[in-house]
Amino acid sequence: MNDEVMVVMVTAGSEAEADQLARVLVGERLAACVNLVAPIRSIYRWKGELCDDREVLMIIKTRSSRFDALDRRVRQLHSYEVAEVIGWPVTRGAPDYLKWVADQTGGSSD
């Protein structure tokens, strides 16, 4: 697998939870940047019931090589029994931004 930049989407139950997750992910270099979008409205079925909830959408920029660690960390810290963690590759982007994402999710501490 090549090490392409990717976008990961996670939803959180509150702004406080999303803020904590974002700070951990960026602080541990699992993500270069996390946008918090709130509120969003999610309609879904859970344990046989139709649910309609307000959530916070996290839009996370990372590299494919960091996805598994990011997924584990989110599920470790998340309040949901089943956390939404889905990602897809970035097929195009500004070269300087893509380089910045790669640099920020690397091993250096700049």
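Looking across region 71-91, the residues that are touching a residue at least 40 places away in the same chain (Cβ under 8 Å) and among the hydrophobic types (A, V, I, L, M, F, W, C) come down to VAL74, LEU77, ALA83, VAL85, ILE86, TRP88, VAL90.
Conditions (1) within 27 Å of ASP3 (Cα to Cα); (2) free of Cβ contacts under 8 Å to residues at least 24 places away in the same chain, marked per residue:
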| position | (1), (2) |
| --- | --- |
| ALA16 | no, yes |
| GLN20 | yes, no |
| ARG23 | yes, yes |
| ARG29 | yes, no |
| SER42 | no, no |
| GLY93 | yes, no |
| ALA102 | yes, no |
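Just so you know, all these numbers are worked out from the coordinates, no wet-lab data involved. All figures in this text were calculated on a predicted structure; none of them were measured in a lab. Positions of Cβ are generated from backbone atoms using ideal geometry, with glycine treated the same way; all protein chains shown enter the neighbour counts.
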